[in-house]
Amino acid sequence: LLQIGETNRHAANTKMNTESSRSHAILIIHLQRSLKIKEETTVSIPSDTEHTLPGDLPLVLKSKLLIVDLAGSERIDKSGSEGHMIEEAKFINLSLSSLGKCINALAENSSHIPTRDSKLTRMLRDSFGGTARTSLVVTIGPSARHHSETSSTVLFGQRAMKVVNTIRLKEEVDYETLYKNVENEVDHLTSEMERQQKLRHREKMQLEKRLKESETFLNDLKMISSVQIENLEKEKHQFEYAVKRLMQELEEKEGRNNVLSEKIVHLETSLNEKKQQQLESFSTTQILAETTKTYEKKMGELLRELEEERSRSASMKGHFNVLEQQLSDARSSAQFQENMARELKRELSKITQTFTSQVHSLEEKISQLVSEKGTDIWRIEIYTSKGAR
């Protein structure tokens, strides 16, 4: 861009310069950057303060760069300008004079800055108006003949150095865009609020429905639990009754065993009496001894069987206690109690049958032994009577 501008710049030959610029050269570069700022976000910008902008409002940062090459002031008597060049020199000097007035006013902190006097000062007012960073390069000629121009240029630079610029950010708010954004945000929040209200209402209805279902389910569970408790109580009473009945049957079996024991004792007493009577006869001593041994052997077998029966009865009691313990453990489950009751009934039936058969067998053996003993005694008496004759 600088080369293109330099090529298009008009220059002319004067007595002071072979190529004298016939105009000022200004290159203006505009920079712009847009940022999308979130809601309530603090944005750091090149300023001494921080700015908070509302949500979704585009922040536009604008900057302007000016590169200026000013044409030097020109005296007609020294430059030898003629014709159209005189008009060019007059406009150059006029614009430089207006710029000098603005610099002087800024250096003196004047309340009025005459930036409207020329196009040059209007274009450069942002650069020397205290809102920009400005660098000024002053060039002078090495010739001693032009010391007056050199001194005026140096004085201009000296006055310009007194100007102190402070960078300030110029903020402009697009209220129309801001209003639209705020209106859109309000519409969005309103729709979101309505959606949330509908969602909460739907959730409330679902929760109420679930609550009703839970209450119904809880009532059903209470009813089922009460029915199960009643059934368990009934089964408990039934099992207790069955246990009492089994205890009574066991006591009856024990009574029968006691009766058998008494019969055996009575038989032993009778046998001893018969032995005493048989021993009174010397002639029948050997027969009685053999008979006694035989009966003692049989009585021993009967006593062993009786002891075995008693041990079996004791084992039955232990087994019954185990069954009773299992029965108490089974009360926690209706199904298990029912199965165990059936098993107890089967076990009790088996034990009862076995015990009954064993008792019948013992009774038959005792009856047979008694009958055999009576026959043998009768035979001994007959034999004794024959011997006496």
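The values are calculated or read from the model by the stated rules, or taken from the named source; none is laboratory data. Computed from a prediction, not measured in an experiment: that's the story for all the values here. Note that each Cβ is placed from the backbone with ideal geometry, even for glycine, and that neighbours are counted across all protein chains shown.
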**Fill in**
Those residues of region 162-203 which are polar (S, T, N, Q) and under 30 Å from Ala105 (Cβ atoms) amount to Asn165, Thr166
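Kindly provide the set of residues from region 23-46 that are in contact with a strand residue (DSSP E or B) (Cβ under 8 Å, 6 or more places away or on another chain), at pLDDT 75 or above and either surrounded by 13 or more Cβ atoms within 10 Å (Cβ to Cβ) or among the β-branched types (Val, Ile, Thr) (or both), ordered by number. Explain how you work it out, then say what you get.
Of all residues in region 23-46, those in contact with a strand residue (DSSP E or B) (Cβ under 8 Å, 6 or more places away or on another chain) come to 24-37, 40-43, 45.
Filter once more, keeping what is at pLDDT 75 or above: 24-34.
Selection gives His24, Ala25, Ile26, Leu27, Ile28, Ile29.
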**Prompt:** If you go through region 65-76 one residue at a time, do you hit one that is in the same structural domain as Arg33 (by TED's automatic domain parsing), modelled with pLDDT of 85 or more and within 60 Å of the chain's Cα centre (by Cα)?
**Reply:** yes
**Fill in**
If we ask which residues in region 106-115 are surrounded by 17 or more Cβ atoms within 10 Å (Cβ to Cβ) and either not polar (S, T, N, Q) or not assigned by TED's automatic domain parsing to the domain that holds Asp126 (or both), their number turns out to be 2
**Asked** From Glu213, Glu305, Glu230, which residue is at pLDDT below 85 and part of a helix (DSSP H, G or I)?
**Response** Glu305
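If you go through region 92-115, how many residues are among the hydroxyl-bearing types (Ser, Thr, Tyr) and closer than 17 Å to Gly72 by Cα?
Step one: of region 92-115, the residues among the hydroxyl-bearing types (Ser, Thr, Tyr) are 95, 97-98, 110-111, 115.
Okay, now just the ones that are also closer than 17 Å to Gly72 by Cα, so 95, 97-98.
Total satisfying the criteria: 3.
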